[in-house]
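One structure below.
The values are calculated or read from the model by the stated rules, or taken from the named source; none is laboratory data. Bear in mind that the values here come from a model prediction, so they are computed numbers and not experimental data. Here Cβ is always computed from backbone atoms with ideal geometry, including for glycine, and neighbour counts include all displayed protein chains. To get the accessible areas, we keep the full protein, side chains included, count just its heavy atoms, and leave off ligands, DNA and RNA. Shrake-Rupley method; radii C 1.70, N 1.55, O 1.52, S 1.80 Å.
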Amino acid sequence: MKFNNMMNYMKKFYRMIHKDHPRTLIYTIFGGIIHGIIPFISLYYSSKIIDSLLLSDTDSAIVRIVIMLSLVLILGCIDRAIYQALTVIADASYYSVWKQTSHKAYVMEYEEFEKTETMDKIRRAQNGSIGSGGVESQILDTHTMIGLLVSVFMSFIFTIQLFVRGIYSDNFIFYSCVIIFLFIVFFIFVNLVQKRMNQYEIELNHRNEHGNSISSYFISICLDVKNGKDIRLFKMTDMLLQIYKNIIDYVNKTFYDYAYKSGKDNAVIAFFTQLLAGFVYIYVGVSVLDGNISIGDVLLYTGAITSLATNLNQFIAQYNGVAYRFEYLGNFEEFISSKNMHYDGTLPIEKRDDHEYEFEFRNVSFKYPNTDHYVLRNINLKLNVNNRIAIVGQNGAGKTTLIKLLCRLYEPTEGEILLNGINIEKYDYEEYTRIFSVVFQDFRLFPLPLDENIAGSEEVDEERCLEVLDQVGLKEKVMNWPQQQKTRLYKNLGDGINVSGGEAQKIAIARALYKDAPFVIMDEPTAALDPIAESEIYENFNELIHNKTAIFISHRMSSCKFCDEIIVFQDGEIIQHGTHNELVEQEGLYHELWNAQAQYYA
Ligand code: ADP
């Protein structure tokens, strides 16, 4: 990777980490520098101490020993402390990056979030970095890389000194040329081999990307209690484990291939490093014989030159690894800093006690992103204030999609939706979503206490919570739970209560009622309820909904009877619109749907 690109990625990476851990960059750089310098302090002073002792200058030897030990002690302590702090920060950064990614996932436009490209980016960032370490390894490896760079620099400075000191020697030109030549060959050779090893690693990660992704998915399937029944009863264990085994076999094979190839290359690099070291010893030995350097300097220069070769080699490897990983981790930053909404307006939503919020769909057509098929076509519709509106139609007719557009989960492909005469995109998104209480068919409850599930936050108005539980007919039951409304749902995060499908649906309705928004939307709100619970909910609906506008999507045709207007969808179009009495008299889909259910009760 080009140096500029690498710096660019690095800047992005540390900007992302900086949000929660502002000291990371300074620790990485400062810690890396100290880490790189320490060995050279020992090396330098050891050589000087030997010289002092050879000259029987004990005083100067003692002074040098004290300086060396003090410096190594102080810097060593700082080095350890910074590295320890960095290790903790590195671990915490992993969670911080995921926190920021999850937060972004929920503030960005749903339409954008749902796109395969977006999901792929996140998966690539996650899975791509599994093989070679993630955020935490990157921070520690960047620290090591800086340390190695400093070591290369220090050994280079000492090496140059050796050449400068040997400049008047007879053999200087010959030996210097040989050493410089060998170094250049060594550098080019190591760089090529490291690039090849890096390529192996990239190939390894690319080949495993898909396998990693599938294996994470399989683990989540196998460990999800909800799948336990189907897997057991349909005897799917062997089949699933076989698929998992095939993936693991493939991943293992790619790892062995990589280990074999990179092992061979590492051995070749080690061989040439030792060969170079041999020449260095000869050169330094000749310099001693020529009287250019002292015995102590032998230690210093052989140490410096061999360290130059080893550190250079390690630095190249580390640089390639870090640069490669930055490319993947850059996906996180790109995702986190991407725009939240294509278009987010600034208009506030007028707070109205009379709930006079009137919606209008004007020539709205829609197709889902990356599809060619129109799911809604030319919808013109006014949702009258305080009405109960039923939307009916066969599966796939576009009913839920209409609600998703209304809630701004997607933008219309053509046409516009107006709230009190103004395009809904012009309103502030946060405020806009506050006017809706929605129960989707695929609603989700979470392994949190029941009251927090209902309130949608940790601050709960307990009285109101009990009131809505009472309205959906759950209060009595909940009062018998171990911690009443504070009892946790499900067992994923510890001890909790498993609720039935019908109870879950009642909780979802309670959550919608708790929000007390002027617009209530319920998509198949009673599909999982028993007939008695269902009729109770419908009997109380007027009281529950009170002075709000309500939209129901329902296949229970009997529920349409108490609605003020009924909208009938077919293949993405509104084909009928009227009251129950009007539509049931007309020939058409509503009549058909009504009779299809009514005949079973006749
Ligand atoms: P209904 O609620 O009337 O049963 P939907 O509005 O859920 O129907 O779906 C209408 C059509 O849109 C269906 O053909 C469905 O396959 C398609 N659809 C729904 N969600 C998506 C999506 N996220 N991406 C692509 N197509 C979708």
Considering only protein heavy atoms and a probe of 1.4 Å, how much of the accessible area of the chain is carbon and sulfur, as a whole percent?
57
Cross-link partners of Lys11 among aspartates and glutamates (Cα-Cα below 15 Å; sequence separation of 8 or more within a chain):
Glu327, Glu333, Glu334
Aspartates and glutamates near Lys561 by alpha-carbon distance under 18 Å, same-chain residues fewer than 8 away left out - which ones?
Asp523, Glu524, Glu534, Glu536, Glu539, Glu543, Glu582, Glu585, Glu587, Glu592
Pairs of Cα atoms farther than 37 Å apart, the range 3-336, %:
36
Step through the residues of the range 300-307 one at a time and calculate ³J(HN,Hα) from phi using the Karplus curve (6.51 cos²θ - 1.76 cosθ + 1.60, θ = phi - 60°), rounding each to whole Hz and writing x for Gly and Pro.
4, 6, 5, x, 5, 6, 5, 5
Heavy-atom accessible area per residue of the range 3-336, all protein chains kept, 1.4 Å probe, expressed in Å², is 54
Provide the per-residue ³J(HN,Hα) series for the range 98-107, in order, calculated from phi with Karplus coefficients 6.51, -1.76, 1.60 and θ = phi - 60°, each as a whole number of Hz, with x at glycine and proline positions.
5, 5, 5, 5, 5, 4, 4, 4, 9, 9
Taking the 0 to 90 degree range and rounding to the nearest ten, how far is the long axis of helix 135-165 tilted relative to the main principal axis of the chain, both from C-alpha atoms?
20
Summing -39500 (n - 2.57) over every DSSP H run of at least 4 residues in the chain and dividing by its residue count gives a helix-only mean residue ellipticity at 222 nm, to the nearest 500 deg cm²/dmol, of -22000 deg cm²/dmol
Using amide H atoms built 1.01 Å from N in the peptide plane, name the residues 5+ places from Glu573, or on other chains, whose amide H lies under 5 Å from its own.
Arg377
Sorted list, accessible surface of protein heavy atoms, 1.4 Å probe, largest first, for Met68, Met7 is Met7, Met68
Over the range 420-492, average the accessible area per residue using a 1.4 Å probe and give it in Å², no decimals.
57
Taking Cα atoms only, helix 172-223 is inclined relative to the longest principal axis of the chain by an angle, in degrees rounded to 10, of 20
Taking Rh as the Kirkwood radius, which is the inverse of the mean 1/r over Cα pairs, what is the Rg/Rh value for the chain?
1.16
Excluding same-chain residues fewer than 8 positions from Lys264, which lysines have a Cα within less than 22 Å of its Cα?
Lys195, Lys253
Amide H partners (placed H, <5 Å) of Thr579, local residues excluded
Ile566
Output ³J(HN,Hα) for the range 229-235: one whole-Hz value per residue in order, computed from phi by the Karplus curve 6.51 cos²θ - 1.76 cosθ + 1.60 with θ = phi - 60°, and x for Gly and Pro.
5, 5, 4, 6, 6, 9, 6
For the range 455-557, which trypsin sites (Lys or Arg not before Pro) are both in a DSSP coil and crowded by at most 12 other Cβ atoms within 10 Å?
Lys491
For the range 276-353, which trypsin sites (Lys or Arg not before Pro) are both in a DSSP coil and crowded by at most 14 other Cβ atoms within 10 Å?
Lys339, Lys351, Arg352
Longest the chain segment clear of chymotrypsin sites (Phe, Trp or Tyr not before Pro) sitting in DSSP loops (not H, G, I, E or B) with at most 10 other Cβ atoms within 10 Å runs 235-602
To the nearest 10 degrees, the tilt of helix 237-289 (Cα long axis) against the first principal axis of the alpha carbons of the chain is 20
Are there GluC sites (Glu not before Pro) in the range 401-498 that DSSP marks as loop and that have at most 16 other Cβ atoms within 10 Å, and which are they?
Glu458, Glu459
Given H placed 1.01 Å from N in the peptide plane, which residues other than close sequence neighbours of Phe552 have an amide H under 5 Å from its amide H?
Ile389, Ala390, Ile391, Met522
Tell me, what is the FRET efficiency for Met479 and Lys382 to the nearest 0.05, using R0 = 41 angstrom and their Cβ-Cβ distance as r?
0.40
